[in-house]
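Readers should treat all values here as calculations from the given coordinates under stated rules, not as data from a laboratory. All of these numbers come straight from a predicted model, not from anything done at the bench.
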């Protein structure tokens, strides 16, 4: 491989690695309510982008659900850990979290 080809290959590889996170976010809009419901509580290891995409789609879905659908799909997920490790954004930070301050 010539030096110019190596350089081109390296630039292409770096460009692909940089762009991969954009492609990696799942398209939750194509999933059913049942599929999304089953995913609730299973995303602690997901990226912030992935959690935001899921949360946004789930909120949009629940707002358009009938009362019966909402009762069926909301509430505590069957796969929830129950240890309080859910959405903890802003919790435990000084002055944040909305908790009672002493």
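Starting from the Cα-Cα distance between residue 55 and residue 3, subtract it from 0.36 nm times their residue separation and give me the gain in nm to one decimal.
Difference between extended and current length: 14.1 nm.
Rounded if a/c is under 1.5, else prolate if a/b beats b/c, else oblate: with a ≥ b ≥ c from the C-alpha gyration tensor eigenvalues square-rooted, which is region 27-72?
Prolate is the answer for region 27-72, as a/c is 1.5 or above and a/b outweighs b/c.
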